[in-house]
Amino acid sequence: MKLKDIYNTNKPVISFEIFPPKADAQDYNGKVESLFSELKVLSKYNPTFISVTYGAGGSTRDKTLELVIKIKKELNLLPTPHFTCVGASKAEILEYVKEVENAGIENIVALRGDPPKGQDFFVKPKDGFGYANELVEFIKTNTNLGIAVAGYPEVHPEAESAKDDLINLKRKIDAGADAVITQVFFDNSYYFEFVEKAQKAGINVPIVPGILPVTNIAQIERMVAMSGTKIPENLTNSLKKFENYPDAIKKLGVEFAIKQCKELLKNDIPGIHFYPLNRSFATDCVLKELNINYTIKN
Ligand code: FAD
């Protein structure tokens with residue numbers, strides 16, 4: 001099913017994002033098996049698709065596709081690989097997207113990617129692309145894949161201004177993207193404002209909120225440092241208060257995410273894209289509490 005059809009419904013679409021275990025990790029296969037056990041737990045919510053990230057510098061290129069194919073075969077869920085412009089020439093990109101299509105995959109998340117480690121700025125690869133809108137246009141011209149792109153309710157850290165960032169988001173939609181998946185945020189007012197401004201700017205595709213139930217302080221600190229996402233003061237204070245109590249942190253994170261999702265669901269949102277960070281526990285707890293008609297699988 002193509003992204004266009006996925007979001008052509010009046011029920012909120014639930015999707016999950018996972019990442020491939022490090023390719024050189026000891027016991028890679030064991031890690032994949034445990035990831036699949038977690039996904040099996042979440043598959044009872046009948047997610048409409050599972051997106052699989054693409055490692056920095058293309059480091060998980062083969063692993064991403066391998067996982068995507070395994071999800072399709074073994075879990076019978078709709079997988080969606082991410083892909084970035086990092087270190088790839090047009091010829092390599094063409095080869096990869098054709099491989100994705102030939103594997104029977106219907107959608108892709110098209111990204112520029114972050115600068116590789118040790119580099120301050122993104123450098124356009126030789127005969128490659130400098131921005132995601134160019135990648136979207138290329139994929140659109142050369143394949144029939146449905147395309148999602150990234151959006152930033154709190155503005156992408158490299159953008160000159162919020163206005164410029166929105167103009168650049170519109171370039172991706174005009175190039176053929178079917179949906180926007182947002183960066184994680186914890187304060188819904190950023191999302192609501194972003195959607196309103198995007199619609200006024202003529203962006204009329206679904207803008208899907210990205211939600212991460214916090215379970216671990218170190219993880220969240222890393223993420224915030226990279227993306228510039230702000231954590232509301234009340235959440236920061238509570239997390240600090242319980243920093244030596246991992247179970248209390250999980251409980252707090254889950255309760256916060258439930259509240260956040262409930263508020264989003266009261267509004268006209270296309271769905272929720274969860275970032276479970278390869279673990280089912282928190283997202284499962286959140287979904288149990290949301291009054292969504294998932295047609296839960298047994
Ligand atoms: P772009 O849309 O190209 O934007 C990058 C910056 O350039 C922005 O500041 C934008 O305003 C500006 N810009 C865009 N177009 C132009 C233009 N034509 N002219 C001038 N300026 C322009 N990273 C990974 O490595 N792997 C993943 O799997 C991955 N998945 C992600 C999934 C989601 C939902 C999100 C939100 C992010 C993901 N990322 C991933 C992170 C992403 O790669 C980084 O945020 C990256 O820095 C920007 O990628 P982009 O596709 O948004 O880039």
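Overview of results
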quantity	calculated
Of all residues in the range 147-163 being of a type in the set (A, V, I, L, M, F, W, C) and not in a strand (DSSP E or B), the one that is farthest from the ligand (Cβ to nearest atom)	162
When residues of the range 7-37 are limited to those that are within 15 Å of the ligand (Cβ to nearest atom) and more than 17 Å from residue 78 (Cα to Cα), the one surrounded by the most Cβ atoms within 10 Å (Cβ to Cβ)	21
Qualifying residue in the range 106-123 (condition: over 20 Å from the mean Cα position of the chain (by Cα), at pLDDT 95 or above and open to solvent by 20 Å² or more (accessible area, probe 1.4 Å))	no
Selected residue (criterion: modelled with the lowest pLDDT) from residues of the range 270-298 that are loosely packed, with under 14 Cβ neighbours inside 10 Å and within 22 Å of residue 179 (Cβ to Cβ)	295
Unique residue being over 28 Å from residue 278 (Cβ atoms), aliphatic (A, V, I, L, M) and surrounded by fewer than 18 Cβ atoms within 10 Å (Cβ to Cβ) when the list is 173, 167	167
Inter-residue pairs, beta-carbon under 6 Å, first over 27 Å from residue 2 (Cβ atoms) and in the range 159-182, second more than 7 Å from the ligand (Cβ to nearest atom) and modelled with pLDDT of 95 or more, 6+ apart	162/155
All positions within the range 104-146 that are touching a Gly at 6+ places or on another chain (Cβ under 6 Å), within 11 Å of the ligand (Cβ to nearest atom) and not in a helix (DSSP H, G or I)	116, 124
Residues that are among the aromatic types (Phe, Trp, Tyr) and touching a Phe, Trp or Tyr at 6+ places or on another chain (Cβ under 7 Å), drawn from the range 159-200	185, 191
Breaking point among (1) away from the ligand (no atom under 14 Å from the Cβ); (2) touching a strand residue (DSSP E or B) at 6+ places or on another chain (Cβ under 6 Å); (3) not hydrophobic (A, V, I, L, M, F, W, C), for residue 54	(1)
Among the residues listed as 282, 257, 225, the single one being in a helix (DSSP H, G or I) and without any contact (Cβ under 8 Å) to a residue 12 or more places away in the chain	225
Given (1) open to solvent by 60 Å² or more (accessible area, probe 1.4 Å); (2) of a type outside the set (Asp, Glu); (3) away from the ligand (no atom under 13 Å from the Cβ), index of the condition residue 43 fails	(1)
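The values are calculated or read from the model by the stated rules, or taken from the named source; none is laboratory data. What you are looking at is a predicted structure, and each value in this text was computed from that prediction instead of being measured. Every residue, glycine as well, gets a Cβ built from its backbone with ideal geometry; the counts of neighbours run over all protein chains shown. The area values use the complete protein model at the heavy-atom level, side chains included, leaving out ligands, DNA and RNA. Shrake-Rupley method; radii C 1.70, N 1.55, O 1.52, S 1.80 Å.
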